[in-house]
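**Student:** Would you mind keeping the following structure in view while I ask a few things?
Only the coordinates and a few stated rules stand behind these numbers; no lab work does. Small disclaimer: the values here were computed from a predicted structure and weren't measured. Ideal geometry is used to build each Cβ from the backbone, glycine not excepted, and the neighbour counts take in all protein chains shown.
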Amino acid sequence: MSDALEAEETFLDRFPEEAKVVRSAFLGSFLALTLGAIFGIIQTLHRTGLFRGLIDSTDYYTVLTAHGVFLVISFTVFFLVGLFTWAVVRSLDRPLVDIRITWTWYVLMAGGMTMTGISILAGFTDAIDMSADVLYTFYAPLQAHPLFYTGLAVFIVGSWLAGADWFRTWLAWREDNPDERIPLQTFMVLTTMIMWYIASSAVAASVLIFLLPWSLGLIESVNPTLTRTLFWFFGHPVVYFWLMPAYLLWYTVLPSIAGGRLFSDPLARVVFVLFLLLSTPVGIHHQYLDPGIAEGFKFISMTNTMFLLLPSLLTAFTVVASVEYGARQRGGTGIFGWLRSLPWRDPAFTGMMLAGLMFAAGGFSGMVNAGMNINYMIHNTIWVPGHFHLTVGTAVALTFMAATYWLWPQITNKPVYSRQIGLFQVVLWFIGMALMSNAMHAQGLLGVPRRTAEPEYSGFDYPVAFGGFEELNVQIAIGGTLLFLSTVLFIGNLVLTMGNPRVSGLAETIRPALSGPDDAPEVLDDLRIWVGIAVTLVVLAYALPLAAIINDGGLLGPGVGTYPVWIDATVGALAEVAVPAAWALVDALAFLGARLLDAATSGVVA
Amino acid sequence: MHIHAYEKIWLAFAIVLILLLLGSVTYGAVGPGVAMVADSEAQIDANALDEDDRFAEPRVEQVGENEYEAYVVAYQFGFEPSPIVVPENSTVTFQITSRDVIHGFEVAGTNANTMAVPGEVAEITVEVSEPREYGIVCNEYCGAGHHAMEGKLHVVSEEEFAEMNEGGENE
């Protein structure tokens, strides 16, 4: 639709206001990536015992909380909102309905994440009586400072508004184009956001009904199994929320970079519908080893989980087929010879291909995690972080970095400072992750736990296999160091890119699919049907387990304490008055902060 | 909708793979009888474990010929009893709960692994063979001293086990 125009105009030329939103979102994302990488290298060296001079082991958990929250909430979701804004505006070829709404959700998300970030980082100093050493999963009855939960709630509300913004823009487009199919990228954004609304409703409920009132001392206790189950109701689909932007790039951008076209538009739609339907009713597979949940519920969750392999396996086919088509267009021949004809010198292409390759490996270790019985061997061992550093840590993170090399010039009109450094950087990430993740999987099989400052114990030694515990530690540390260096190169390259002068002629084209949307059944675009089925599946998977948990342990638990207590009950009475006032203050601060950030980013980018 | 022939073959392969994975787990549960951690035990008040006859005194108890039950309490930052001592070639059912926050209970290097959640009682049954010392680690983050939380499982010979228990009764 907009191909001809795009060949001449970049996104910035055509939609300058929206390009500014995308830039700001990406900058927020890369700030989080920088912080996350710094905490990552500290913890890699500490945990493996190579260097423990920087922090005490008791502070390791503050580092770990920061690493997790900054990377999997802040880095990923800020990149997502930037990318989705670009995708909706580009594929509908129209501006957002009201840019003030757009900046409102940006301010809410940035403000919320700042609050949560402050509550975590305050854990490093005794001068402020505040901490949130609860890790990314914040399992009660471990308690964080109320600011941690408040920030999360504000952040999620911001993301809801973002979704509403994209839906409104699509509806406005539909008024003008009543008979057209939903453009593929917009279709991907809308289905992903429906999934997000369903999934995040549970964690929002958990935070607002239980955890925040509890941290303020308004209720005395919570039911740990209930809040944990509500977390995983959100906690599994959130991994697809990280992954769907990467899928969007693999389906719609990667084939064009390879010189080809997407193989099948209808199948891409089917895949996103399957993710919408199956992402949420699977969360209990994180709780296979939880007492208080019946085996039958776990089995249902496992069945759904295994079927969730289907859309990813279909994606593997379609993406490889599309890339092969591109290679043959470029003159490639032979059964595997076409691989030589691909643009391997392009960091965007190579980065995304390596990310996809690692995702296949991550998929295999995921099949082990998903198996109810073999899960016992690896549950909560370092195997699990080994797995998700392949998925979110590479399939998602490396795709985002690679895509930045392609997208950043189009939202700034500035060419990338060095594509050679970019290419080196994505390959370095792949090598570093191959070392680190492989060794983590191996240690997991020895029984080495995740989430610990000192995995070596005084009373026993681990069984010896795969080179042994110590040797694997060295591999993890080397891998982690390479990953840190790769991040430094990425950020450095980007900062130098910002110093480049603006030029013209950077526009890129996305070619339409070989088998276009007209081949796709109309029903795929009827989002109401998919919402209905998705909600039904979630109710089927979760109504009975949640009812059983509440029935057995009560809404506020069978008698459980609080560790540590942030605000005790007497102060809680005061809090009832103070909460609305605090909210007003928080809103004002968030607004102010974002205005400053906005001013700062426009200064940096301009 | 047009689907390419290769795509159909791949789709069929994917569905067969999924059914095989599901089948293998189902076989494990129905055939060899691998039992999962489930909701077999009622909830208890984690603040009043000293009033519970299993967990007031965490211990190992013989409940049948060659069958033992181990009542284990996880707390910040350790396990009771420690060590957990059981005789060789026996069947041991662990009942595990937590006094404070969520912990893990993992016999390192084996598949004896469960969450220990306050208010809930996890039950797992394992077979132990020849005498050996195992490490037990808490594999869920439970607070600033998490890394120091460890326990031991001692599988001892029948003679040694009998001797120990007699010694206990004489005291």
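**Student:** Under the classification rounded if a/c is under 1.5, otherwise prolate if a/b is larger than b/c and oblate if not, where does chain A fall, given a ≥ b ≥ c as square roots of the Cα gyration tensor eigenvalues?
**Tutor:** Rounded is the answer for chain A, as its axis ratio a/c remains below 1.5.
**Student:** Whole angstrom only: what separates the Cα centroid of segment A:232-254 from the Cα centroid of segment A:161-224?
**Tutor:** About 15 Å separates the Cα centre of segment A:232-254 from the one of segment A:161-224.
**Student:** Could you give the dipole magnitude of the protein assembly as shown about its Cα centre, charging the beta-carbon of Lys and Arg +1 and that of Asp and Glu -1, in debye to the nearest 20?
**Tutor:** It comes to approximately 4400 debye.
**Student:** Further, regarding this structure: With the Cα gyration tensor of segment B:14-69 giving a ≥ b ≥ c as the square roots of its eigenvalues, does the rule (a/c under 1.5 for rounded; else a/b larger than b/c for prolate; else oblate) give rounded, prolate or oblate?
**Tutor:** It comes out oblate by the Cα gyration axes.
**Student:** Tell me, how many Å apart are the Cα centres for segment A:256-332 and for segment A:486-512?
**Tutor:** So the separation of the two Cα centres works out to 30 Å.
**Student:** Summarise the partner chain shielding of A:139-145 as one whole number: the mean count of Cβ atoms from other chains within 10 Å of each residue's Cβ.
**Tutor:** The per-residue average across the peptide is 4.
**Student:** What FRET efficiency do you get for B:Ser157 and B:Thr125 if R0 is 30 Å and r is their Cβ-Cβ distance, rounded to the nearest 0.05?
**Tutor:** So, using R0 = 30 Å, E works out to roughly 0.90.
**Student:** So if we plug the beta-carbon distance of B:Thr110 and A:Val503 into 1/(1 + (r/R0)^6) with R0 = 60 Å, what FRET efficiency do we get, rounded to 0.05?
**Tutor:** Working from the Cβ atoms, E equals 0.45.
**Student:** What is the helix-to-structure angle for A:265-278, meaning the angle in degrees between its Cα long axis and the longest Cα principal axis of chain A, kept from 0 to 90 and rounded to the nearest 10?
**Tutor:** Tilt of helix A:265-278: around 10 degrees.
**Student:** Then there is this: Averaged over peptide B:148-154, how many Cβ atoms belonging to another chain are found within 10 Å of each residue's Cβ?
**Tutor:** Whole-number average of other-chain Cβ neighbours for B:148-154 is 3.
**Student:** Out of B:Ile3, B:Pro58, B:Gly145, whose Cα points farthest toward the positive end of the dipole of chain B (charges: +1 Lys, Arg; -1 Asp, Glu; placed on Cβ)?
**Tutor:** B:Ile3
**Student:** Also, quick follow-up: Considering every residue in A:366-375, what mean count of other chain Cβ atoms within 10 Å of its Cβ is obtained?
**Tutor:** 4
**Student:** Going toward the positive end of the dipole of the protein assembly as shown, with +1 on Lys and Arg Cβ and -1 on Asp and Glu Cβ, which of B:Val156, A:Gly444, A:Leu524 do you reach last?
**Tutor:** The one lying farthest along the dipole's positive direction is A:Leu524.
**Student:** At a Förster radius of 41 Å, what calculated FRET efficiency corresponds to the Cβ-Cβ distance of A:Arg168 and A:Leu555, to the nearest 0.05?
**Tutor:** Once rounded, the FRET efficiency stands at 0.70.
**Student:** To continue, here is another question. Which residues' amide hydrogens lie under 5 Å from the amide hydrogen of B:Val85, considering only partners 5 or more residues apart or on another chain, with H built in the peptide plane?
**Tutor:** HN-HN under 5 Å from B:Val85: B:His154.
**Student:** Which value at 222 nm does the protein assembly as shown reach when only helices count, each DSSP H run of 4 or more adding -39,500 (n - 2.57), with the total divided by all residues and rounded to the nearest 500 deg cm²/dmol?
**Tutor:** It lands at -19500 deg cm²/dmol.
**Student:** Given contacts defined as C-alpha pairs under 8 Å and at least six residues apart, what's the relative contact order of chain B, whole-number percent?
**Tutor:** Once normalised by length, the contact order is 20 percent.
**Student:** Run the dipole for segment A:5-75 about the Cα centre, Lys and Arg Cβ at +1, Asp and Glu Cβ at -1, nothing else charged, and hand back the magnitude in debye, nearest 20.
**Tutor:** Computed charge dipole of segment A:5-75: roughly 500 debye.
**Student:** If one takes the longest principal axis of the Cα atoms in chain B, at what angle in degrees, from 0 to 90 and to the nearest 10, does the Cα axis of helix B:158-170 lie?
**Tutor:** That works out to roughly 40 degrees.
**Student:** May I ask you to derive the relative contact order of chain A, considering only C-alpha pairs under 8 Å and at least 6 residues apart, and to give it as an integer percent?
**Tutor:** 22 percent
**Student:** Could you give the nm distance between label points at A:Ile209 and A:Tyr563, where each point is 7 Å from its Cα heading toward the beta carbon?
**Tutor:** The two pseudo-label positions are separated by 2.6 nm.
**Student:** Taking θ as phi - 60°, what are the ³J(HN,Hα) couplings along segment A:104-110 by the Karplus curve (6.51, -1.76, 1.60), each to the nearest whole Hz, with x for Gly and Pro?
**Tutor:** 5, 5, 5, 4, 4, 5, 5
**Student:** Next question. Once a ≥ b ≥ c are taken as the square roots of the eigenvalues of the Cα gyration tensor of chain B, is the result rounded (a/c under 1.5), prolate (a/b larger than b/c) or oblate (a/b not larger than b/c)?
**Tutor:** Prolate is the answer for chain B, as a/c is 1.5 or above and a/b outweighs b/c.
**Student:** Take A:Arg100 and A:Leu50, extend 7 Å from each Cα along the Cα→Cβ direction, and tell me the distance between the two endpoints in nm.
**Tutor:** Once both label points are built, they end up 5.3 nm from each other.
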